[in-house]
1. Pull up segment 17-48, narrow it to residues that are open to solvent by less than 80 Å² (accessible area, probe 1.4 Å) and at pLDDT below 90, then point me to the one that is farthest from Q5 (Cα to Cα).
2. Looking at segment 5-16, which of its residues are more than 24 Å from T53 (Cα to Cα) and either of a type in the set (F, W, Y) or open to solvent by less than 70 Å² (accessible area, probe 1.4 Å) (or both)?
Amino acid sequence: MGGDQFMTAAVLRRHGGPDALELREDWPVPGVGPGQVLVRVSAAALNNTDIWTREDSVIRRPH
């Protein structure tokens, strides 16, 4: 990615409220192996499943 060493990342290290989501601008850019590509993301969003995972409240329904 043009020699970039770090990227911005939304990091979830624990369950909890909005404070559990940490915005980091010093996250290492992942390495790329054979047969892999690295994609630059310019916008992203969170959906309900992301929020429920952060809150540890994902509802598991029987099949």
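1. Result: G17.
2. Within segment 5-16, F6 is the sole residue that qualifies.
The values are calculated or read from the model by the stated rules, or taken from the named source; none is laboratory data. It should be emphasised that the depicted structure is a prediction, and the values quoted were computed from it without experimental measurement. Heads up: the accessible areas ignore ligands, DNA and RNA and are worked out on the full protein's heavy atoms, side chains in. Shrake-Rupley method; radii C 1.70, N 1.55, O 1.52, S 1.80 Å.
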